[in-house]
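Down below is the structure, laid out as structure tokens.
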Amino acid sequence: MDQAEQLRNLIKQQNRQQHLARVITVTSGKGGVGKSNISLNLAISFSKLRKRVVILDADFGLANIEVMLGIRPGYSLADVIFRGRSVSEIITKGPGNIGFVSGGSGINELTSLNSDQIRILVNVMYQLDNIADVVIIDTGAGISESVMEMILSSTELLLVATPEPASITDAYVLLKTLKNQPDYDEEMIKIRLLGNRTQSRAEGKELYDKLNSVVGRFLDMRMDYMGAVPYDSYLQKAVMKQRPVCLAYPDAPSAKAIQDLAVILNNQSGRKIDVHGHGLSGIFSRMIHNRNR
């Protein structure tokens, strides 16, 4: 029995009435577009809506979330699987009543798990599913193998792009790469575009229209528009303070835009999608399954 089959069987043995967290995967075609800032402030905004929120920092090796907060976690996801740490030990408390988990050195560690380690991974994923109402996965930028595996295994994708031509081009390349993956299923992944660092709402809509036009024409893919986050001086001040703008300057235009995004996403519950996704446990099950094909 291979890894994937072991993991699937273990998940089937779990109580199907268990709570499954809603998982939103945040990604971008290139670095430097503010993806991690969006992830962090979106988590804060969901928390303000009385949701239990955990961020999984899957930007392996860079640890953007902890740098932005100025908080160094004691342990990572890998420490639970390989070094016997508890789930509570790997969840680092962040501001605004959120938690975050460092993914460790990389997904490659998950390719050679033995039966006991697979059982631990399943248990960790189910515990995180029950601890959180919303899990936000902050991926690395670009189209590396680990990023594409995470996206392919997800059911809700928030694609962050700026009006810069390079960002639009790289977002298109990411979607083209996704489309060309053998395991891509358009019915499984809900793709939403968020404009960031825009000068106006009109510029954000123009960004969406431009990208959506070529994506629809050449890739035959569908994506929804989730609005735009304007660039303002308060955002940069918050970054320098290592504080989320939604806490440091809650009335700033950027903070209000992200809070509005959280409300919209909250109203779009995502539950129909998540039934097929099986929360975090479903994501990691599919990742291991795809790797063992």
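The values are calculated or read from the model by the stated rules, or taken from the named source; none is laboratory data. Predicted, not measured: the structure shown is a model, and the values here were computed from it. Note: ideal-geometry Cβ built from the backbone for every residue, glycine included; neighbour counts use all protein chains shown.
Select from the stretch 82-104 the residues that are assigned to a helix (DSSP H, G or I) and surrounded by fewer than 22 Cβ atoms within 10 Å (Cβ to Cβ) and list them in ascending order.
Correct list: F82, R83, V87, S88, E89, P95, G96, N97.
Yes/no per residue for (1) over 20 Å from A255 (Cα atoms); (2) at pLDDT below 90:
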position: S112; (1), (2): yes, yes
position: S115; (1), (2): yes, yes
position: I120; (1), (2): yes, yes
position: L128; (1), (2): yes, yes
position: V134; (1), (2): no, no
position: E156; (1), (2): yes, no
position: L175; (1), (2): yes, no
position: D185; (1), (2): yes, yes
position: N196; (1), (2): no, no
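Filter the stretch 75-88 down to the residues that are at pLDDT 85 or above and of a type in the set (G, A, S), then identify the one that is nearest to the chain's Cα centre (by Cα).
If we take residues in the stretch 75-88 being at pLDDT 85 or above and of a type in the set (G, A, S), then S88 is nearest to the chain's Cα centre (by Cα).
For the stretch 127-144, how many residues meet the condition of being within 17 Å of Y172 (Cα to Cα) and either more than 14 Å from the chain's Cα centre (by Cα) or without any contact (Cβ under 8 Å) to a residue 40 or more places away in the chain (or both)?
2
Based on this model, can you work out whether S28 counts as modelled with pLDDT of 90 or more and among the hydroxyl-bearing types (S, T, Y)?
Against the criterion (modelled with pLDDT of 90 or more and among the hydroxyl-bearing types (S, T, Y)), S28 qualifies.
Checking the condition crowded, with 17+ Cβ neighbours inside 10 Å and under 19 Å from M148 (Cα atoms), which residue from L211, L175 passes?
Exactly one residue qualifies, and that residue is L175.
Quick check on this structure: which one of V124, V147 is closer than 28 Å to K190 by Cβ, within 18 Å of the chain's Cα centre (by Cα) and modelled with pLDDT of 80 or more? Write out each step before concluding.
Numbers: V124 fails: modelled with pLDDT of 80 or more.
Going through V124, V147 in turn, the sole match is V147.
Return the residue satisfying two criteria in turn: it lies in the stretch 36-51 and is of a type in the set (D, E, K, R) and out of contact with any strand residue (DSSP E or B) (no Cβ under 8 Å at 6 or more places or on another chain), and of such residues it is surrounded by the fewest Cβ atoms within 10 Å (Cβ to Cβ). Before the answer, list the steps.
So the first thing to find is which residues in the stretch 36-51 are of a type in the set (D, E, K, R), and the list is 48, 50-51.
Cutting the leftovers down to out of contact with any strand residue (DSSP E or B) (no Cβ under 8 Å at 6 or more places or on another chain) gives us 48, 50.
On the way: K48: 17, R50: 9.
By that ranking, first place goes to R50.
List the helices (runs of 4 or more DSSP H) that sit entirely inside the stretch 161-243 and contain at least 1 residues that are among the small types (G, A, S) and over 30 Å from G70 (Cα atoms).
The qualifying helices (runs of 4 or more DSSP H) are 201-214.
Evaluate the following for Y172: is it farther than 19 Å from A141 by Cβ and out of contact with any Asp or Glu (no Cβ under 8 Å at 6 or more places or on another chain)?
Against the criterion (farther than 19 Å from A141 by Cβ and out of contact with any Asp or Glu (no Cβ under 8 Å at 6 or more places or on another chain)), Y172 does not qualify.
Hey, can you tell me all the residues within the stretch 214-231 that are over 21 Å from the mean Cα position of the chain (by Cα) and surrounded by fewer than 18 Cβ atoms within 10 Å (Cβ to Cβ)?
Passing the criteria: V214, G216, R217, F218, L219, D220, Y231.
Tell me whether the stretch 251-259 contains one or more residues that are modelled with pLDDT of 95 or more and assigned to a loop (DSSP other than H, G, I, E, B). Walk me through it before giving the result.
Narrowing the stretch 251-259 to residues modelled with pLDDT of 95 or more: 251-259.
Now narrow it down to the ones that are assigned to a loop (DSSP other than H, G, I, E, B): 251-252.
Yes, the stretch 251-259 has at least one match.
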